[in-house]
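The values are calculated or read from the model by the stated rules, or taken from the named source; none is laboratory data. Not measured: the values here are computed from a predicted model. In this analysis, Cβ positions are derived from the backbone assuming ideal geometry, glycine residues included, and neighbour counts consider all displayed protein chains.
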Amino acid sequence: MSVERFPPNSRYAGIATAELKTADGGTRVFLRRRFIPDPASLVTAGEVPVQAGDRLDRIAADNLGDPVQFWHIADGNGAQIPGELETPGRVLRLTLPAGLSGGGNFGNGGSGA
């Protein structure tokens, strides 16, 4: 039986776990590595400029409808450290999740694609 350890909107949803046997005979369960998709492989659905005081979770809430989805913005902009994207004046790509194609107009700043 498979156990879902993370909610569907988590960046870790669907990531497999593995087990490690310890020297004392115990077992440690750990999360396998999550690979960040190549931003060039993601379809741009819009863009949003970063304003002074913006935070990625707020940008995600305003444009994607869920602050937990900030990681989609980080993936679409090639950021391993999401906070680096919070620079005023920067324009962030809003992308479709990996594997989806098409265009759209996300939230407030979406330009469509």
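Does Glu19 satisfy the criteria of being assigned to a strand (DSSP E or B), among the acidic types (Asp, Glu) and at pLDDT 95 or above? Here the answer is no, as Glu19 does not meet what is asked. Of all residues in region 77-105, which are among the small types (Gly, Ala, Ser) and at pLDDT below 95? The answer is Gly78, Ala79, Gly83, Ala98, Gly99, Ser101, Gly102, Gly103, Gly104. Entry remark, region 35-60: residues being of a type in the set (D, E, K, R), surrounded by fewer than 15 Cβ atoms within 10 Å (Cβ to Cβ) and under 17 Å from Pro97 (Cα atoms) number 1 in total.
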